[in-house]
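First comes the structure, then the notes that go with it.
The values are calculated or read from the model by the stated rules, or taken from the named source; none is laboratory data. What you are looking at is a predicted structure, and each value in this text was computed from that prediction instead of being measured. Cβ atoms come from the backbone with ideal geometry, glycine included; neighbour counts cover every protein chain shown.
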Amino acid sequence: MGSYLYEVLGLHPAGATFYFLPRNPSADEIRFFGFPDEGGMPYVIELVRTANVSSASGPQPLYAAVGVYAGDRNRFESSALR
């Protein structure tokens, strides 16, 4: 993604941060994910990713993305190649 931002848009990526926030689901999320009425405590993972680009005045926000996932059926992995 960094090369695309630089080549097409002229932006220099400065960093990205991921936040994984486990929490209890709202009533709408319980219905959406189809959590059972009985059994263990359902939970969701709120994944927030932010990215910055470098500029003459320092890092500037590029975007923030938020996703909500059922905690009982998703696994998250991250790796970085340098």
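Before moving on, here are some points about what is shown:
- The C-beta contact set for segment 1-12 (first residue within 19 Å of Arg49 (Cα to Cα), second residue among the β-branched types (Val, Ile, Thr) and modelled with pLDDT of 75 or more, distance under 6 angstrom, 6+ apart or interchain) comprises Leu11/Val53; His12/Val53.
- When residues of segment 20-38 are limited to those that are surrounded by 11 or more Cβ atoms within 10 Å (Cβ to Cβ) and assigned to a strand (DSSP E or B), the one farthest from the chain's Cα centre (by Cα): Arg23
- Residues within segment 44-58 that are surrounded by 13 or more Cβ atoms within 10 Å (Cβ to Cβ) and either charged (D, E, K, R) or out of contact with any Pro (no Cβ under 9 Å at 6 or more places or on another chain) (or both), tallied: 4
- Where Met41 falls short, out of the listed (1) under 15 Å from Pro25 (Cα atoms); (2) surrounded by 11 or more Cβ atoms within 10 Å (Cβ to Cβ): (2)
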